[in-house]
Amino acid sequence: MVLVPGRLWRWGPVGRAAGAGLGAGVLFGAFVLVESAAWAGAVVVFVVLGVYYGIRVARRMDRLRPAARDMKGADRAAVVHAARGGGTVADPRLVPAVVEYAGAPHRAAEEDRQRRWVVVSVTVFAAALAVHDTLTGSIGSIGETVASWLVVALFLGDLLWWPHSRARLPARADRAAASARRATDAGRPADGP
């Protein structure tokens, strides 16, 4: 959910699955094409991983933010845009949704933190394979070596760059929720006689 572009929230569950799956399928299919130059393998990986990842992302989005199911696509996208940017939402009826959304990046980050050891393990394994491919490869296996190092770069990016970026998202969502609460409080009549 954290990596998913905000515009995917505009779509329904099938559209979100297709959008997320398309991106993942193209990425992993391209790796197979670079590594093996086999179009059939790239198409199989595109379809299988695209469908799997698309369904997984759409289900995770719905699970982490169940209130979004009852909203229109444009409203979901406006809430996500305001929360991810740390700003306010223009439509006052969406203020409660911004407050509700603020918890989703925290829950997603906690789930990701629990799985961090998997990313570290796969990165070490991918680096070992890339070194092996580099040392034992021949001229005909340049694609395999390039694909191996691209996988290492992808996982290193996830380990080194992504935690800092991911930490900013919940903080921005908290700022947007606080702003929404202030706007709600400012609009309420004062208590008392």
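The fraction of accessible area contributed by carbon and sulfur in the chain is 68 percent, rounded to a whole number (1.4 Å probe; ligands and nucleic acids excluded).
Rounded to the nearest 500, what is the 222 nm mean residue ellipticity of the chain from helices alone, with -39500 (n - 2.57) per DSSP H run of 4+ residues and division by all residues? It lands at -26000 deg cm²/dmol. Phi angles of segment 161-166 translate, via the Karplus equation with coefficients 6.51, -1.76, 1.60 and θ = phi - 60°, into HN-Hα couplings of 8, 5, x, 5, 5, 5 Hz per residue; Gly and Pro are given as x. I'd like the Karplus ³J(HN,Hα) series for segment 22-38: coefficients 6.51, -1.76, 1.60, θ = phi - 60°, whole numbers in Hz, and an x wherever there's a Gly or Pro. So the J values, rounded to whole Hz, are 4, x, 5, x, 5, 4, 6, x, 5, 4, 5, 5, 5, 6, 10, 6, 9. Quick one: Debye curve from the C-alpha atoms of the chain, no solvent, what's log10 I(q)/I(0) at q = 0.14, 0.16, 0.17 Å⁻¹? With one equal scatterer per Cα and no solvent, log10 I(q)/I(0) is -0.88, -1.05, -1.12. In segment 84-173, Rg over Rh equals 1.24, where Rg is the alpha-carbon radius of gyration and Rh the Kirkwood radius from pairwise Cα distances.
Using the Cβ of residue 141 as centre and a radius below 11 Å, the other residues enclosed give a net charge of -3, where K and R count +1 and D and E count -1. Cβ under 15 Å from residue 28's Cβ, residue 28 left aside: what net charge do those residues give with Lys, Arg +1 and Asp, Glu -1? Neighbour charge sum, excluding residue 28 itself: -1.
Think of a 1.4 Å ball rolled over the protein heavy atoms: segment 17-111 then has 50 Å² of accessible area per residue. Stokes-Einstein D for segment 5-93 at 20 °C, 1.002 mPa s, Kirkwood Rh over Cα pairs, in µm²/s? Result for D is 151 µm²/s. Loop-resident trypsin sites (Lys or Arg not before Pro) (DSSP state other than H, G, I, E or B) in segment 98-167 with no more than 10 further Cβ atoms inside 10 Å of their Cβ: 115.
The values are calculated or read from the model by the stated rules, or taken from the named source; none is laboratory data. Everything numeric here is computed off the predicted structure, so don't read it as measured data. No Cβ is skipped: glycine too gets one built from the backbone with ideal geometry, and neighbour counts run over all protein chains shown. Note: areas computed on protein heavy atoms with side chains; ligands, DNA, RNA excluded. Shrake-Rupley method; radii C 1.70, N 1.55, O 1.52, S 1.80 Å.
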